[in-house]
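Comments concern the structure below.
A short reminder: the numbers here are calculations on the coordinates, not readings from a lab. Source: prediction; values computed, not measured. Glycine also receives a Cβ, built like all others from the backbone with ideal geometry; neighbour counts cover every protein chain displayed.
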Amino acid sequence: MSIAETKIKKFENSNCAENNVFYQAMEEVIYSIAPLLESDGKYSRYAILDRLVVPDRIIKFKVTWLDDNNQIQVNTGYRVQFNNALGPYKGGLRFHPSVNEGVLKFLGFEQILKNSLTGLPIGGGKGGSDFDPKGKSDFEVMKFCTAFMTELHKYIGPRIDVPAGDIGVGSREIGYLFGEYKKITSSYEGALTGKPYFFGGSLMRPEATGYGVVYFTQSMLEIEKKEPLDGKICIVSGAGNVALHAIEKLQQIGAIVVSCSDSHGTIYDSRGVDLELLKELKLNRRTSLEEYVQTHTEAKYTPVFEYPEGAQAVWNIPCYAAFPCATQNELHEADAQNLIANGCVSVSEGANMPSTPNAIALLQSHNICFAPAKAANAGGVAVSEFEMSQNASMSKWSYAKVDEKLKETMRMICKRVALTAKDYGVEGNYVDGANIAGFKKVADAMIAEGI
């Protein structure tokens, strides 16, 4: 039995339902890095894999707050501080009913390798709560954030752990969290990123993940000698921050984006989606995409309940490039079959682990250019680190400087992943390339610092 198979078997025995997504992420990495483990015994000798898959600590706490009716509400908060071999723990906070320890372990584990790939001095972590901001007033969100930070502030700091935003946590939530952190600690420091610009945030932080996945895709298509995105039909899932800014950047470079989706259904607009209307619906009015067709009657809206069994409507649209930007495990094997049948050339993950293992395997077997999340959506955390640098030096960078550094970071990540894949005999496999490159840097740092 190989080293990889032995490790999979060992960790499989400790798996539980809550840890399913964590196990899925871990299994992918272990199989990817098998050539590295077999070729260099030091990683087994120092038990790097056994150490890497166990978080340094998991902090779990109660969050008690008053809603607008003065009723007491109770939620659970978490911070998973996974690995700081390369720098302070760094990773977002997610506020969503689906949040549990297993989901955050998966996200934190992915964050270690993602942050490693950026080449920046940041470790991996993740946190959040099962609190749902949807349907809550601004005051309710503020009261929850205040209560959440009352506990979280004990464990974070600019050289310890620097949380950012994620699903359900945008600049509004980060603003409330930072305001409370400042009150409690009497310290104006970069303990959070994704802050509003006027008190320490970086330009381009909201755009960074969406823009970054497009920059990565451009580099990947160039390396793989494929036609560029200009003039090509592209499909995007999701209608949150990542999806909207991916659509924005794709439109800026001349691509034609014909879709987006939310938890209720999918929009297909063959002329190209109306981005300003999407922003109005999702950012200002916070309503369903169903209202899109009230303005653009020629567009088609497909509710979730009308999706064919085992597949989603958004992935059954003919396209040149696809960008899953909604949530984990949204793109299944049946969706991959539809993409292949409809002539898709490239799939780039904007969300965290949005494609199932079977879907990825099928896409790769048909030579689809596949950009995994830990490489393709690293733009967000890269600009978060840029914000940390600006906070530390009490300076502000121009939009042009941040954008150029983001472009260069994504090009560098893509090139490193492609070269690593080639070096280990899996040329063109960006999943294995990303996992090997990310793991190797963290593992070497762990060995250098001892146990």
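The table below lists the values:
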{"quantity": "Dipole of the range 3-189, positive direction: furthest Cα of 169, 69, 188, with charges on the beta-carbon", "calculated": "188"}
{"quantity": "Footprinting exposure proxy for 366, 153 (fewest neighbouring C-beta atoms within 10 Å first)", "calculated": "366, 153"}
{"quantity": "Counted charge near residue 104, where neighbours are those whose Cβ lies closer than 9 Å (Asp, Glu -1; Lys, Arg +1)", "calculated": "+3"}
{"quantity": "Overall Cα dimensions of the range 208-371, principal axis frame, Å, largest first", "calculated": "40, 35, 26"}
{"quantity": "Loop chymotrypsin sites (Phe, Trp or Tyr not before Pro), the range 177-230 (other Cβ atoms within 10 Å of the site Cβ: 16 or fewer; DSSP)", "calculated": "188"}
{"quantity": "Net lengthening on full extension, residue 198/residue 399 (0.36 nm per residue, minus Cα-Cα)", "calculated": "70.9 nm"}
{"quantity": "In the range 91-179, trypsin sites (Lys or Arg not before Pro) in a DSSP loop with at most 14 other beta-carbon atoms within 10 Å", "calculated": "134, 159"}
{"quantity": "Cα-Cα pairs of the range 198-262 separated by more than 18 Å (percent)", "calculated": "39"}
{"quantity": "Summed residue charge, Cβ within 13 Å of residue 121's Cβ, Lys/Arg positive, Asp/Glu negative", "calculated": "+2"}
{"quantity": "Lysines with Cα under 29 Å of residue 62, excluding same-chain neighbours fewer than 8 positions away", "calculated": "90, 105, 126, 134, 136, 143, 154, 182, 183, 195"}
{"quantity": "Dimensionless Rg over Rh [the range 321-426; C-alpha; Kirkwood]", "calculated": "1.07"}
{"quantity": "Lysine pairs meeting the criterion (Cα under 26 Å, 8 or more apart or interchain), as found in the range 208-371", "calculated": "11"}
{"quantity": "Average silhouette area of the chain, convex hull of alpha-carbon atoms, in square nanometres", "calculated": "21.3"}
{"quantity": "Least to most buried among 381, 417 (fewest other Cβ within 10 Å first)", "calculated": "381, 417"}
{"quantity": "Likely footprinting exposure, 436, 72, fewest C-beta neighbours within 10 Å first", "calculated": "72, 436"}
{"quantity": "Cleavage-rule hits, trypsin sites (Lys or Arg not before Pro), the range 250-285, DSSP coil, Cβ neighbours within 10 Å at most 15", "calculated": "271, 285"}
{"quantity": "Cβ charges +1 (Lys, Arg) and -1 (Asp, Glu), total dipole of the chain, debye", "calculated": "1360"}
